[in-house]
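Asks: Have a look at this one.
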Amino acid sequence: MEKKCSFCDSPIELGRGKMYVKRDGTVFYFCSSKCERNMIKLGRKRRKVKWAAATTKSKAKANAKES
């Protein structure tokens, strides 16, 4: 099962990345410390960060072309 980063939505290979569990039981998966820092420590939203929004939009366009 391939997991996706909770912030930038990129795929995470097996044995890579980091899993973060909040006290309320919410689980986040991160591909890099950059994503983890932006979401947890800095409290940023994916749609407001240009580099994360760009990867999400490009993947959406690729999926639209395939179907």
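The values are calculated or read from the model by the stated rules, or taken from the named source; none is laboratory data. All of these numbers come straight from a predicted model, not from anything done at the bench. Cβ coordinates were reconstructed from backbone atoms using ideal geometry, including for glycine residues, and neighbour counts include every protein chain displayed. Quick note on the areas: whole protein, heavy atoms, side chains included, nothing else; ligands and nucleic acids left out. Shrake-Rupley method; radii C 1.70, N 1.55, O 1.52, S 1.80 Å.
Asks: Dimensions of segment 3-48 along principal axes (Cα, Å, largest first)?
Replies: 26, 25, 15
Asks: Further, regarding this structure: Could you check the simple spin-label distance between Glu13 and Ser33, using points 7 Å along Cα→Cβ, in nm with one decimal?
Replies: Taking the simple label geometry, Glu13 and Ser33 are separated by 1.9 nm.
Asks: A follow-up question, please. Report the accessible area of Arg46, computed with a 1.4 Å probe over the heavy atoms of all protein chains in place, in Å² rounded to the nearest 10.
Replies: Near enough 90 Å² of accessible area.
Asks: Can you tell me the length gained on complete extension of the stretch Lys41 to Val21, counting 0.36 nm per residue apart and subtracting the Cα distance? Don't skip to the end; give the middle numbers.
Replies: Values: separation 20, 0.36 × 20 = 7.20 nm, distance 1.39 nm.
Roughly 5.8 nm would be gained on extension.
Asks: Still on this structure, I have one more. Can you tell me, using C-alpha contacts under 8 Å and at least 6 residues apart, the relative contact order of segment 3-48 as a whole percent?
Replies: Working: 55 pairs, mean separation 16.4, N = 46.
So the answer I get is 36 percent.
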